[in-house]
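In what follows, a single structure is set out as structure tokens and then discussed.
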Amino acid sequence: MNPQPTTTPPQIESVTPQALRARYEAGATVDELVATSSLSYGTVLNRLHEAGTVMRTSWQTRRMRENPQARRHLAARLRTLYEQHGATFAELAAAGAGTRRKARRLLIEAGGTPRTTQQTLRIRSAADAAARKQLAATLRARYEAGASVPELAMECNYSVATVYRLLHQADTRMRPQHQHGPTRRKGRRP
């Protein structure tokens, strides 16, 4: 039996390099062009190059497809988090940017200036110090109202040593420690 001669479907012959270029420049990806034209990936690339198409990177395609208003809104929100709340790029990525690199890019687009690592550490340590001072004052008030150190440690989920350290930082006058167990005799053992 003789094999049938292969014929190309009419839709493949009508896909010109110029038509592919126009659709690509309108925002279609190479994969989408392959799916709609029934051409192979290599054929689509060859026809795009033949038409003189300037190829995009994947991030350029994603950026092109994003809603510009939503991008500006996200960039403004990330700038607020970064400048007013001292967020890091990792936290901005978790807040919606996706990656630290994209968070940095969005911050710059919104008019923000990236900080150095030292500047971020200074901001963080100042915020932590203020929160720690407030916690120490709260623990002191509870301790002076009669709560014991182990009770405070359990409530705050801190170790007893940390609670003692915080109470000392708040200049708390400590109660005398209780002696538990049998009383000891003074003097030498028999």
| request: May I ask you to give the solvent-accessible area per residue for segment 34-76, in square angstrom, as obtained with a 1.4 angstrom probe? | output: 67
| note | With the 8 Å Cα cutoff and a minimum separation of six or more residues, the chain has a relative contact order in percent of 11
| remark: Given a 1.4 Å probe, the accessible area of segment 81-177 per residue, as a whole number of Å², is 66
| note | Cβ-Cβ cut-off under 14 Å around VAL163, Lys and Arg +1, Asp and Glu -1: the net charge is +2
| message | Using 0.36 nm times the number of residues separating ALA126 and ARG71, minus their current alpha carbon distance, what extension gain do you get? | response | 16.7 nm
| query | Carbon-plus-sulfur fraction of the accessible area of the chain, 1.4 Å probe, in percent? | reply | 53
| task | Quick one: compute a quarter of the convex hull surface over the Cα atoms of segment 19-71 and quote it in nm². | result | 3.8
| Two-decimal ratio, segment 1-153, of alpha-carbon radius of gyration to 2.2 N^0.38 Å | 1.91
| request: Distance from a point 7 Å along Cα→Cβ of GLU32 to each backbone N in segment 47-89: keep the residues under 16 Å and list them by number. | output: 55-68
| task | State to the nearest 20 debye the size of the charge dipole of segment 48-89 about its Cα centre, where the only charges are +1 on K and R beta carbons and -1 on D and E beta carbons. | result | 140
| Pair GLU91, THR16: separation of 7 Å Cα→Cβ label points (nm) | 5.7
| task | Compute the normalised compactness of segment 99-138: alpha-carbon radius of gyration over 2.2 N^0.38 Å, N being the residue count. | result | 1.63
| task | With only Lys, Arg, Asp and Glu charged, each at its Cβ (+1 for the first two, -1 for the last two), find how big the charge dipole of segment 1-156 is about the Cα centre; round to the nearest 20 debye. | result | 640
| field | Helical contribution to [θ] at 222 nm, DSSP H n ≥ 4, -39,500 (n - 2.57), averaged over the chain, rounded to 500 | value | -18000 deg cm²/dmol
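The values are calculated or read from the model by the stated rules, or taken from the named source; none is laboratory data. Note that this is a predicted model, so its numbers are computed, not measured. So basically every Cβ, Gly included, is an ideal-geometry build from the backbone, and we count neighbours across all protein chains shown. The protein model used for the area step is the full one, side chains on, heavy atoms only, and it has no ligands, DNA or RNA in it. Shrake-Rupley method; radii C 1.70, N 1.55, O 1.52, S 1.80 Å.
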